[in-house]
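**Q** Below: one structure in structure tokens.
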Amino acid sequence: MSTLARWARAEWGPLVAAMRGPLARRRWRAVPLAVTSVCLTAALHFADGRAWGHRFVQDAGGVRAEDPLWAALLRTPLSLFVPALDLPVWGALVQLLLVFGIAELCLGRWRTLAIAYLATLAGTLYARLGIWLGPGSPLGLPASDARVVDTGPSAAVVGLAVFVAWRFRAYATAGLVIAAMVAEVVVKENLAGKEHLAAIAAVLVLCAAGEVRQRRSRARAGSGSGAPPIQS
């Protein structure tokens, strides 16, 4: 076996093994969340590009930092599936199907949805913080970004990709995704790029909390499995 093949098996072997069972048993029925997400995103993109649907889509799922916080929080769940009109929708659909599908197979439907929502919410809340900090701060944003629609499904895709890669010890893959998002901000500094980094930061905190919890569980299991002290 070549060095590249050994590296690929070490990097993606656990991830592929976790996907193989559900796919073999149920095929596409194993990823209903991913399929539904793709269909909903495509339908919302179609409606948003039409005069009769644009207002509804924006009122229901278009999140801007200038919106009242309560309205933004109500719209955030649907904003997961509202792609930006200025980006190729087919790219967003492929990313959703691939990343949501892998996450759903490996993590389960509800955990996938929860992490996707956490990543999107982190980007939404960061936009408000960044505008409050102002452009003079390293984490700040210009006031004009308050009128820009949030990143949509891409923050959820990025967050899920990093979480799944970290969860299954594909650290090089997680690092590559993070490096790509950092490069995006360096090359083209905009709201979407910084929201992606906020989503990654939230997911990494979640990963770190999981690692700490697992270590404590192993420590408790180790201390509890020792032989009882000998009594005289």
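**Q** Can you tell me which residue in the stretch 114-164 is nearest to the chain's Cα centre (by Cα), limited to those that are of a type in the set (A, V, I, L, M) and part of a loop (DSSP other than H, G, I, E, B)? Before the answer, list the steps.
**A** Step one: list which residues in the stretch 114-164 are of a type in the set (A, V, I, L, M), which gives 114-116, 118-119, 121-122, 125, 127, 129, 131, 133, 139, 141, 143, 146, 148-149, 155-158, 160-162, 164.
Adding the requirement that they be part of a loop (DSSP other than H, G, I, E, B) leaves 139, 141, 148-149.
Values: LEU139: 20, LEU141: 22, VAL148: 20, VAL149: 18 Å.
So the residue we want is VAL149.
**Q** Here is a list: LEU40, LEU87. Which entry is out of contact with any Gly (no Cβ under 6 Å at 6 or more places or on another chain), at negative phi and modelled with pLDDT under 90? Before you say what the answer is, go through the steps one by one.
**A** Working: LEU40 fails: modelled with pLDDT under 90.
Only one candidate qualifies: LEU87.
**Q** Another question, then. Mind checking whether some residue in the stretch 26-44 is in contact with a Phe, Trp or Tyr (Cβ under 7 Å, 6 or more places away or on another chain), of a type in the set (A, V, I, L, M) and closer than 15 Å to GLY152 by Cα? Explain how you work it out, then say what you get.
**A** As a first pass, look at the stretch 26-44 and keep what is in contact with a Phe, Trp or Tyr (Cβ under 7 Å, 6 or more places away or on another chain): 33-35, 37, 40-41, 44.
Among the residues that remain, those that are also of a type in the set (A, V, I, L, M) are: 33-35, 40, 44.
When the remaining residues are screened for being closer than 15 Å to GLY152 by Cα, the result is 40, 44.
Among the residues of the stretch 26-44, at least one is in contact with a Phe, Trp or Tyr (Cβ under 7 Å, 6 or more places away or on another chain), of a type in the set (A, V, I, L, M) and closer than 15 Å to GLY152 by Cα, which makes the answer yes.
**Q** Further question: Kindly provide the set of residues from the stretch 62-77 that are in a helix (DSSP H, G or I) and farther than 14 Å from THR151 by Cβ, ordered by number.
**A** Pass one, the stretch 62-77, residues in a helix (DSSP H, G or I): 69-77.
Those that are in a helix (DSSP H, G or I) and farther than 14 Å from THR151 by Cβ: LEU69, TRP70, ALA71, LEU73, LEU74, PRO77.
**Q** Filter the stretch 121-153 down to residues that are surrounded by 22 or more Cβ atoms within 10 Å (Cβ to Cβ), among the polar types (S, T, N, Q) and either farther than 12 Å from LYS194 by Cα or modelled with pLDDT under 90 (or both), then give me how many there are.
**A** Number of matching residues: 1.
**Q** Which condition number in (1) out of contact with any helix residue (DSSP H, G or I) (no Cβ under 9 Å at 6 or more places or on another chain); (2) of a type outside the set (Lys, Arg); (3) in contact (Cβ under 8 Å) with a residue 60 or more places away in the chain is the one that ALA161 fails?
**A** For ALA161, the failing item is (1).
**Q** Then there is this: Got at least one residue in the stretch 169-184 being touching a residue at least 60 places away in the same chain (Cβ under 8 Å), touching a Ser or Thr at 6+ places or on another chain (Cβ under 6 Å), crowded, with 16+ Cβ neighbours inside 10 Å and not in a helix (DSSP H, G or I)?
**A** Scanning the stretch 169-184 turns up no residue that is touching a residue at least 60 places away in the same chain (Cβ under 8 Å), touching a Ser or Thr at 6+ places or on another chain (Cβ under 6 Å), crowded, with 16+ Cβ neighbours inside 10 Å and not in a helix (DSSP H, G or I).
The values are calculated or read from the model by the stated rules, or taken from the named source; none is laboratory data. These numbers come from a predicted model, not from an experiment. For neighbour counting, all protein chains shown are included, and Cβ atoms are generated from backbone atoms with ideal geometry for every residue, glycine included.
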